[in-house]
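First comes the structure, then the notes that go with it.
The values are calculated or read from the model by the stated rules, or taken from the named source; none is laboratory data. Predicted model only: the values in this text are computed from it and were never measured. Counting neighbours? That spans all protein chains shown, and the Cβs are built from the backbone with ideal geometry, glycine included. Note: areas computed on protein heavy atoms with side chains; ligands, DNA, RNA excluded. Shrake-Rupley method; radii C 1.70, N 1.55, O 1.52, S 1.80 Å.
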Amino acid sequence: MQLLDIGANLGHESFHHDFDAVLQRAHAHGVRRMIVTGASREGSMHALALARTHPGTLFATAGVHPHHAIDYNDATDASLRELSQDHAVRAIGETGLDYNRNYSPREVQLQVFERQLQIAADTQKPLFLHQRDAHADFIALLRRYRDKVPAAVVHCFTDTGEALRDYLALDCHIGITGWICDERRGTHLRELVRGIPANRLMIETDAPYLLPRTVRPQPAHRRNEPMYLKHICEEIARDRGEPVEVTAANSTATAEAFFALSSLP
């Protein structure tokens with residue numbers, strides 16, 4: 001199997017001490033390419049730096065997570081636009097709305113989300129999206145821009161069947177993480193994942209977060225990393241009632257097309 005992790009926060013400080021080993025373990029478990037998530041101005045710059053250091057293996061997104069929306073200004077906007085011109089930056093985001101934590105005021109989140117939607121429209125890069133407890137506002141704003149951008153993925157989907165149907169109706173892609181392995185919060189995803197078309201389903205770890213609770217043995221450090229994408233793929237395949245090789249091949253092909261990687265050497 002060859003897998004593609006569409007969302008890994010490899011710039012996180014927990015990876016600083018063993019970064020090369022993390023990549024080696026990922027490769028040994030079939031994860032050949034990873035999209036490094038940019039979630040702030042500085043984080044996006046770091047994600048691109050990592051991608052440049054590992055061409056063909058790592059790629060990047062450029063965006064500002066709603067948690068950091070309060071820090072967004074004209075300089076941030078200009079920086080994201082500049083970063084988006086680099087060939088290694090394959091999507092705009094992580095951007096969206098998060099009303100669960102409200103680290104940034106909701107009105108600020110909405111303004112910053114729309115500014116990044118406009119960047120995606122102007123650059124014709126796909127969107128890497130975050131939404132938590134904000135579906136009504138999120139889908140309303142996304143609808144206004146969906147036909148202006150080439151593609152959009154709702155990353156780390158954890159929401160309801162109604163939300164899933166709304167996203168699929170907008171021709172969005174869906175990113176599934178190890179949340180599906182959480183018997184406390186993610187059991188509904190085991191049913192919903194069956195209804196995601198193969199050409200809309202992508203898989204991700206969201207490392208170092210969301211270590212799959214069904215991984216055995218559980219690492220003592222509790223850090224998630226891309227090597228566990230294989231385990232997530234196996235769980236999704238079981239829930240979809242298909243061979244893991246099929247889930248792996250389809251999700252990888254879908255991700256290659258979404259991030260325009262299939263034509264790269």
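In the range 129-145, the residue that is least open to solvent (accessible area, probe 1.4 Å) out of those that are part of a helix (DSSP H, G or I) and not aliphatic (A, V, I, L, M) is Phe138. Listed residues Arg52, Arg33; which is touching a residue at least 12 places away in the same chain (Cβ under 8 Å), charged (D, E, K, R), farther than 19 Å from Met227 by Cα and open to solvent by 30 Å² or more (accessible area, probe 1.4 Å)? Only one candidate qualifies: Arg52. Output the number of residues of the range 1-28 satisfying the condition of being surrounded by fewer than 20 Cβ atoms within 10 Å (Cβ to Cβ), within 19 Å of Leu261 (Cβ to Cβ) and in contact (Cβ under 8 Å) with a residue 40 or more places away in the chain. Looking only at that region, the number is 2. Scanning the range 232-242 for residues being open to solvent by 20 Å² or more (accessible area, probe 1.4 Å) and under 22 Å from Phe59 (Cα atoms) gives a total of 0. Does the range 103-124 hold any residues that are under 13 Å from His65 (Cβ atoms) and either assigned to a loop (DSSP other than H, G, I, E, B) or among the hydroxyl-bearing types (Ser, Thr, Tyr) (or both), and which are they? Hits for the range 103-124 are Tyr103, Ser104.
What number of residues within the range 188-221 are at pLDDT below 95, open to solvent by 70 Å² or more (accessible area, probe 1.4 Å) and not basic (Lys, Arg)? Adding up the residues that qualify gives 3.
Taken over the range 253-265, the criterion of being open to solvent by less than 40 Å² (accessible area, probe 1.4 Å), hydrophobic (A, V, I, L, M, F, W, C) and over 24 Å from Gln24 (Cβ atoms) is satisfied by Phe258 alone. Output yes when any residue across the range 186-203 is part of a helix (DSSP H, G or I) and among the β-branched types (Val, Ile, Thr), and no when none is. Yes, that holds for at least one residue.
Residues of the range 146-183 that are aliphatic (A, V, I, L, M) and open to solvent by less than 30 Å² (accessible area, probe 1.4 Å): Val149, Ala151, Ala152, Val153, Val154, Ala163, Leu164, Ile174, Ile176, Ile180. Considered as a group, the residues in the range 222-231 that are out of contact with any strand residue (DSSP E or B) (no Cβ under 6 Å at 6 or more places or on another chain) and in contact (Cβ under 8 Å) with a residue 24 or more places away in the chain include one that is most open to solvent (accessible area, probe 1.4 Å), and that residue is Lys230.
Among the residues of the range 243-252, those that are open to solvent by 50 Å² or more (accessible area, probe 1.4 Å) and either without any contact (Cβ under 8 Å) to a residue 60 or more places away in the chain or of a type outside the set (Asp, Glu) (or both) comprise Pro243, Val246, Ala249, Asn250.
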